[in-house]
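We did not get these values from a lab; they are worked out from the coordinates using the rules stated. All of these numbers come straight from a predicted model, not from anything done at the bench. Virtual Cβ from ideal backbone geometry, glycine too; neighbours counted across all protein chains shown.
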Amino acid sequence: MVRWQQRLSGVVLLACLPLGCAAPMTETLLPVPPPVSTPAPPPPAGPSLAQQLICRFQGIQGNEIVDWRDTQHLTLPQVLDRLDAVTAASITANPGDQRVASLAHLHNVAMRHHALVIYANPQWTGREAWAYAEYECLRNPPL
């Protein structure tokens, strides 16, 4: 009798393997809830290409301010006058364009601030002034 039960369980096992028979679901299993379709949060916005270029330009000008300070021996008021002259020239070169005037004004304010900080740190090299001006611009984008 035991041999008959072993043969029957072997036949049932062989029949179930290729057919994929499974045990019926019981009431104790919880149903799987459908996936909630929530939109993915947008990736953090980085600076645009225009902002990166403006900030790179401010870094270059920070390096130039160090050159004016160390090589040309300009005083802080002379540097501020030069920055004002550059701003006035860019506004007069584009008469009637309010976008250029507002960007030139924002750039002048930022560069005047950078000049004050650069002159307050006489040990800074051009590379350090470049990094400071570019970082500050990226931290507080003008656009």
Anisotropy class of the stretch 79-119 from Cα gyration tensor, a/c 1.5 cut: oblate
Extension gain, Arg139 back to Asn121 (0.36 nm per residue minus Cα-Cα distance, nm): 4.5 nm
Proximal charge balance of Pro122 [Cβ under 14 Å; K/R count +1, D/E count -1]: -2
Virtual spin-label span in nm between Ile60 and Leu106, 7 Å along Cα→Cβ: 1.9
Ranked list, fewest to most other Cβ atoms within 10 Å of each Cβ, for Leu80, Leu106: Leu106, Leu80
Per-selection Rg to Rh, the stretch 75-143 - Cα, Kirkwood hydrodynamic radius: 1.01
